[in-house]
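Single-structure report; data block below.
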Amino acid sequence: MTTTRFAPSPTGYIHVGNLRTALMNYLIARKAGGTFILRIDDTDPERLKEEYVDAIKQDLEWLGLHWDRVERQSERLDRYAEAADKLREMGRFYEAFETPTELDLKRKKQLNMGKPPVYDRAALNLSEAEKDALRAERGNGVWRFKLDHERIEWNDGILGDISIDAASVSDPVLIRGDGQVLYTIASVVDDTEMGVTDVVRGSDHVTNTATQIQIIEALGGNCPRFAHHSLLTGPQGEALSKRLGTLALRDLREQGVQPMALLSLMARLGSSDPVELRAEMAELIEGFDINRFGAAPTKFDVQDLFPLTAKHLQSLPLADVAEAVADAGVPADLAEPFWAMARENITTLADLKGWWELCRDGAEPLIADEDRDFIAEAIALLPEGPFDGETWGTWTKAVKEATGRKGKGLFMPLRKALTGMERGPEMAALLPLLQVIRVRG
Ligand code: GLU
């Protein structure tokens, strides 16, 4: 059965980059009728914050990315210790004692000689007595996985055929000197034991994947299918990594971005399919195919979310926005006509407030000098009210007959006099909602 997982580290709020990972894994699982696991990668107690775990869940729920179960790495430490023992028994695990400064020096030397900065495996030559001495001096060493120096190959769902020479990669550290298990082994043990069949993650994980494939094989597990999506860049192709902090999902929510707008964009951006607003998650699931995504960096422009949000809102019945309409101050008996009037004239729901204030308080009239007499004549013809959907039509017809004006010269000055603006909702729909006609004086 298809099983995928989204595996955030709870060290911050999730942003559009993480969302891409979450969404792709979610869509693969749902399309196949499989399982989507939310895995909290919390083996690093220093950087982990419980509030981020809650925030991640809230953000996913807001988007409707429901998970089938939650797993926490901090609750599975014994499983990782067991796997480490197994690797030790197999002779694939060795203790190394270099300090970060020593490693840095080695790297610099290698780079100076034009060599790739790969760990030189000096620790493999240490005798037991030397290790004891180092341990006494420096404390426990780190544990490195001994890679087989061969080519590691896989067919990537996005990048295609990948072949990495293991000799060009340092033996990965899987356990730190203080005993802390690192993500690389924890992830392998989880993916294997939880039957994960498909792993989609960012292309910054490609080297991890190479080493993880060897660890999975050493532990006798089944390799999932891997796909690495490209990194997001800004609209000009600039790196987004520094700005991702400002593209947290909760910030977008604050700005009024609608979930379906965000999902519609992120489920297709960087693929050969066009970005189109979808009404339902089911449509995104149906049309999703990881193989249609390209390896090139993907441009993301936060501004693209607003037209999609506006379009989504336009399509909604009052029932879906009743709370926001009420919050804007609209009385219940006017909610239906108010929404019908405003829906095509908002970018986000926050704009409802402005339209309601216009209805409630009327607008400061905007009248050009040359229109003063015309407006006075027109207003004299405006019936007392209450107005209905016909009022605008019958009134403007009467004004046209009385003044001889027509077209834009007729309608625009009336709109400006009543709303104080040159553009806005259909006047036929707006007029019956105007509680005050300030131009009447
Ligand atoms: N916690 C890792 C990350 O956030 C997970 C990577 C993976 O999907 O394996 O980068």
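The values are calculated or read from the model by the stated rules, or taken from the named source; none is laboratory data. Fair warning: this is a prediction, and the values are worked out from it, not measured in the lab. FYI the Cβ positions are ideal-geometry reconstructions off the backbone, even for glycines, and counts take in every protein chain you see. Quick note on the areas: whole protein, heavy atoms, side chains included, nothing else; ligands and nucleic acids left out. Shrake-Rupley method; radii C 1.70, N 1.55, O 1.52, S 1.80 Å.
Values of log10 I(q)/I(0) for the stretch 374-428 across q = 0.12, 0.25, 0.30 Å⁻¹ run -0.24, -1.11, -1.48, by the Debye formula with one identical scatterer at each alpha carbon and no solvent. In Å, the Kirkwood hydrodynamic radius of the stretch 240-339 over pairs of distinct alpha carbons? Across the stretch 240-339, the inverse of the average 1/r is 15.4 Å.
For the stretch 171-271, trypsin sites (Lys or Arg not before Pro) are listed when DSSP marks them as loop and at most 13 other Cβ atoms sit within 10 Å of their Cβ; the list is LYS242. Shown are VAL142, VAL188, whose ranking by accessible area with a 1.4 Å probe and every protein chain present, most to least, is VAL142, VAL188.
Which value, in debye to the nearest 20, gives the size of the charge dipole of the chain about its Cα centre, when Lys and Arg are +1 and Asp and Glu are -1 at the Cβ?
Charge dipole, the chain, about its Cα centre: 880 debye, nearest 20.
Cross-link partners for LYS299 among the lysines, with Cα-Cα distance under 29 Å and sequence neighbours closer than 8 places in the same chain left out: LYS31, LYS57, LYS242, LYS311.
Taking Cα atoms only, the orientation of helix 183-193 departs from the longest principal axis of the chain by about 90 degrees.
Taking a quarter of the surface of the Cα convex hull of the chain gives a mean projected area of 28.5 nm². Taking θ as phi - 60° and the Karplus parameters 6.51, -1.76 and 1.60, the scalar couplings of the stretch 401-417 work out to 5, 6, 10, x, 7, 8, x, 4, x, 8, 6, 5, x, 5, 4, 5, 5 Hz in sequence order, x denoting glycine and proline. How many percent of all Cα-Cα pairs in the stretch 112-171 sit more than 20 Å apart? Tail of the P(r) past 20 Å holds 48 percent of the pairs. Accessible area per residue was computed with a 1.4 Å probe on protein heavy atoms; ASP78 scores about 100 Å². Taking a ≥ b ≥ c as the square roots of the Cα gyration tensor eigenvalues, with a/c under 1.5 meaning rounded and otherwise prolate when a/b beats b/c, else oblate, which class fits the stretch 225-277? Oblate is the answer for the stretch 225-277, as a/c is 1.5 or above yet b/c matches or exceeds a/b.
With a ≥ b ≥ c the root eigenvalues of the C-alpha gyration tensor of the stretch 149-227, is it rounded (a/c under 1.5), prolate (a/b larger than b/c) or oblate?
On the way: a/c = 1.69, a/b = 1.23, b/c = 1.37.
It comes out oblate by the Cα gyration axes.
Its alpha carbons considered, the stretch 192-283 gives a radius of gyration followed by a Dmax of 17.0, 49 Å. Working from Cα pairs under 8 Å separated by at least six residues, relative contact order for the chain is 13 percent. Charged neighbours of GLU137, selected by a Cβ distance under 14 Å, balance to -2 (K, R count +1; D, E count -1).
Within the shell of other residues whose beta carbon sits under 10 angstrom from the beta carbon of ALA248, the net charge comes to -1, with Lys and Arg scored +1 and Asp and Glu -1. Helix 50-63 and the longest principal axis of the Cα set of the chain meet at an angle near 50°.
Surface exposure of the chain, expressed per residue as accessible area with a 1.4 Å probe, stands at 48 Å². Neighbours of ARG69, meaning other residues whose beta-carbon lies under 14 angstrom from its beta-carbon, give a summed charge of 0 when Lys and Arg score +1 and Asp and Glu score -1. Within the accessible surface of the chain, defined with a 1.4 Å probe on protein heavy atoms only, the carbon and sulfur portion equals 49 percent.
Is it possible to state the helix-based mean residue ellipticity at 222 nm for the chain, with each DSSP H run of 4+ residues giving -39500 (n - 2.57), the sum divided by total residues, to the nearest 500 deg cm²/dmol? What is it? So the helix-based figure for the chain works out to -13000 deg cm²/dmol. Give the calculated FRET efficiency between GLU390 and THR347 to the nearest 0.05, with a Förster radius of 41 Å applied to their Cβ-Cβ distance. It comes out at approximately 0.85. Taking amide H as placed 1.01 Å from N in the peptide plane, ARG5 has its amide H under 5 Å from the amide H of ILE37, VAL200, each at least 5 places away in sequence or on another chain.
Over the Cα atoms of the stretch 281-347, Rg to Rh with Kirkwood Rh, two decimal places?
1.16
With the charge dipole of the stretch 164-296 set up from +1 on Lys and Arg Cβ and -1 on Asp and Glu Cβ about the Cα centre, the Cα lying farthest toward the positive end among the listed residues ILE213, LEU263, GLN236 is that of GLN236. Taking the empirical scaling 2.2 N^0.38 Å for compact globular proteins as reference, the stretch 67-220 has a Cα radius of gyration ratio of 1.12. In the chain, the longest principal axis of the Cα atoms and the axis of helix 318-327 are about 80 degrees apart. For the stretch 94-165, the relative contact order works out to 34 percent when only alpha carbon pairs closer than 8 Å and six or more residues apart are counted. Residues in the stretch 73-88 carry Karplus couplings, in order, of 5, 5, 8, 10, 4, 5, 5, 5, 5, 4, 5, 5, 4, 4, 5, 5 Hz; the curve used is 6.51 cos²θ - 1.76 cosθ + 1.60 with θ = phi - 60°, and Gly or Pro positions show x. With a Förster radius of 45 Å applied to the C-beta separation of GLU51 and ALA129, the computed FRET efficiency comes to 0.40.
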